[in-house]
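Heads up, the thing below is written out as structure tokens.
The values are calculated or read from the model by the stated rules, or taken from the named source; none is laboratory data. In this text the structure is predicted, and so the values were computed from the model without any measurement. In this analysis, Cβ positions are derived from the backbone assuming ideal geometry, glycine residues included, and neighbour counts consider all displayed protein chains. For the accessible areas, the whole protein counts, side chains as well, though only heavy atoms, and no ligand, DNA or RNA atoms are used. Shrake-Rupley method; radii C 1.70, N 1.55, O 1.52, S 1.80 Å.
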Amino acid sequence: MTLRLNSHSQSIQRAATILKDGGLVAFPTETVYGLGADACNDHAVAGIFQVKGRPSFNPLIVHVPSVDMASQIAQMSDAAERLAGAFWPGPLTLVLPVKMDRLSKLVTAGLSTVAVRVPAHPVAQQLLQQFGGPVAAPSANPSGRISPTTADHVLQGLDGQIDAVIDAGPCDVGLESTIIGFDPAPTLLRSGGLPVEVIEQALGQPLLLPGTPQTPNAPGQLSSHYAPNATLRLNATTPEPGELFLGFGKMPADLNLSPAGDLTEAAANLFRHLHDLDARGADRIAVAPIPETGLGRAINDRLRRAAAPR
Ligand code: TXA
Ligand code: MG
């Protein structure tokens, strides 16, 4: 039985106790719902891999309530300090050398680096403060499926397999965090909820991009990572017979990411609309073109993964 908790402080306290006891709790962040476990408890972390059916070479993001605690877990470089100061708490994850050796080796999948994030969602903040330690959390979906942006999505994939979910309504950002690595120079490992342009502005230098020869491939960049059940056809101007149409901007569509053509609104709606079209039993979903600027980059990255052959 999965307990469905509301976001009152007694419920969050209860969730923190479940985490301390080695349980699994799905909780809201501003990006997507995460599936949390005590990052220092091997058994609990193994539970995450087990219920997600996740390939175990794929390392997890460690969530902490403050920059202070982040610096106990990972070694912060000057560039990392600058980004943390500018964007934490927020939809940004930094991959840094591990410092805390109590962390479960399953969290880092044996790498010498750890992915760290300080989420801004008030419920995530309260949970992390009450728990008082690092919480490992991937997105709260079965591996290979779309990330959840509501508690209902979480339960659709994981009901009965996790101890609790805290329901605090839909996530504001709707896309996972942007991931930046620093080896050897600031590198975009995954585009996400924080646009690349604002990160480059804060750094005062361009980011290296994945796929270029000097960039190591981020584990977890599996091309079919964000797959709905339906197959996707991208950059479609009109649907073909048998397709459901996911629009963007003013156009007739079965669902529209943002009738006003607003990329922030589109990001927040992306996974929910894909879930909804999937739930209508579509074999194929045609998706309107999305501009490749700001959050549009991350949206297109998720769409290309969802459309990848599998
Ligand atoms: O918004 C988010 O980032 C959400 C919320 C819950 O925080 N989490 C999330 O986690 O998207 P997940 O596990 O679905 O994606 C984490 C990504 C994976 O692609 C993983 O391979 C990468 O982070 N990652 C984790 N540790 C890493 C490391 N040490 N080096 C390189 N990539 C790493
Ligand atoms: Mg994920």
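Looking at 267, 282, which is the one that is in a helix (DSSP H, G or I) and under 29 Å from residue 52 (Cβ atoms)?
On the way: 282 fails: in a helix (DSSP H, G or I).
Sole residue among the options that is in a helix (DSSP H, G or I) and under 29 Å from residue 52 (Cβ atoms): 267.
Within the range 120-155, which residues are in contact with a helix residue (DSSP H, G or I) (Cβ under 8 Å, 6 or more places away or on another chain), more than 11 Å from ligand 1 (Cβ to nearest atom) and among the polar types (S, T, N, Q)?
Matches in the range 120-155: 126, 130, 150.
Exactly one condition in (1) open to solvent by 10 Å² or more (accessible area, probe 1.4 Å); (2) at pLDDT 95 or above; (3) within 10 Å of ligand 1 (Cβ to nearest atom) is not met by residue 117; state its number.
(1)
For the range 60-82, which positions are within 16 Å of ligand 2 (Cβ to nearest atom) and either acidic (Asp, Glu) or touching a helix residue (DSSP H, G or I) at 6+ places or on another chain (Cβ under 7 Å) (or both)?
If the condition is that a residue be within 16 Å of ligand 2 (Cβ to nearest atom) and either acidic (Asp, Glu) or touching a helix residue (DSSP H, G or I) at 6+ places or on another chain (Cβ under 7 Å) (or both), then 60, 62, 63 are the ones that fit.
Name the residue, out of 178, 150, that is in contact with a Leu (Cβ under 8 Å, 6 or more places away or on another chain) and within 16 Å of ligand 2 (Cβ to nearest atom).
Exactly one of 178, 150 is in contact with a Leu (Cβ under 8 Å, 6 or more places away or on another chain) and within 16 Å of ligand 2 (Cβ to nearest atom), namely 178.
How do the pairs read when you match residues in the range 8-29 that are surrounded by 24 or more Cβ atoms within 10 Å (Cβ to Cβ) with residues anywhere that are acidic (Asp, Glu), using Cβ under 8 Å and keeping only pairs 6 or more apart or on different chains?
What qualifies is 19/38; 24/163; 25/163; 28/167.
Only one of 298, 282, 268, 308 is hydrophobic (A, V, I, L, M, F, W, C), surrounded by fewer than 17 Cβ atoms within 10 Å (Cβ to Cβ) and touching a residue at least 24 places away in the same chain (Cβ under 8 Å). Can you tell me which?
That would be 308, the only listed residue that is hydrophobic (A, V, I, L, M, F, W, C), surrounded by fewer than 17 Cβ atoms within 10 Å (Cβ to Cβ) and touching a residue at least 24 places away in the same chain (Cβ under 8 Å).
Listed residues 90, 85, 36; which is within 16 Å of ligand 2 (Cβ to nearest atom) and either open to solvent by 50 Å² or more (accessible area, probe 1.4 Å) or closer than 22 Å to residue 172 by Cβ (or both)?
Selected residue: 36, the only one of 90, 85, 36 that is within 16 Å of ligand 2 (Cβ to nearest atom) and either open to solvent by 50 Å² or more (accessible area, probe 1.4 Å) or closer than 22 Å to residue 172 by Cβ (or both).
Considering only residues that are more than 24 Å from residue 302 (Cβ to Cβ) and touching a Phe, Trp or Tyr at 6+ places or on another chain (Cβ under 8 Å), which ones fall in the range 124-139?
Passing the criteria: only 127.
Pairs only if they're at least six apart or on different chains, beta carbon under 9 angstrom, first in the range 147-165 and in contact (Cβ under 8 Å) with a residue 60 or more places away in the chain, second more than 13 Å from ligand 2 (Cβ to nearest atom) and aromatic (Phe, Trp, Tyr); list them, first residue then second.
Close Cβ pairs (under 9 Å, with a partner that is more than 13 Å from ligand 2 (Cβ to nearest atom) and aromatic (Phe, Trp, Tyr)) amount to 164/27; 165/27.
Could you tell me which residue of the range 104-114 is surrounded by the fewest Cβ atoms within 10 Å (Cβ to Cβ), considering only residues that are within 11 Å of ligand 1 (Cβ to nearest atom) and outside any strand (DSSP E or B)?
Initial filter on the range 104-114 (within 11 Å of ligand 1 (Cβ to nearest atom)): 107-114.
Those left that are additionally outside any strand (DSSP E or B): 107-112.
Details: 107: 25, 108: 19, 109: 16, 110: 10, 111: 15, 112: 8.
Restricting to residues being within 11 Å of ligand 1 (Cβ to nearest atom) and outside any strand (DSSP E or B), the top hit is 112.
Can you name the strands (runs of 3 or more DSSP E) wholly within the range 1-85 that have at least 3 residues being over 18 Å from residue 117 (Cα atoms)?
3-5
Residue by residue through the range 44-64, note down the ones that are out of contact with any strand residue (DSSP E or B) (no Cβ under 9 Å at 6 or more places or on another chain) and not basic (Lys, Arg).
49, 50, 53, 55, 56, 57, 58
Looking at the range 62-82 only, could you name the residues that are open to solvent by 10 Å² or more (accessible area, probe 1.4 Å) and farther than 23 Å from residue 195 by Cβ?
65, 66, 68, 69, 71, 72, 75
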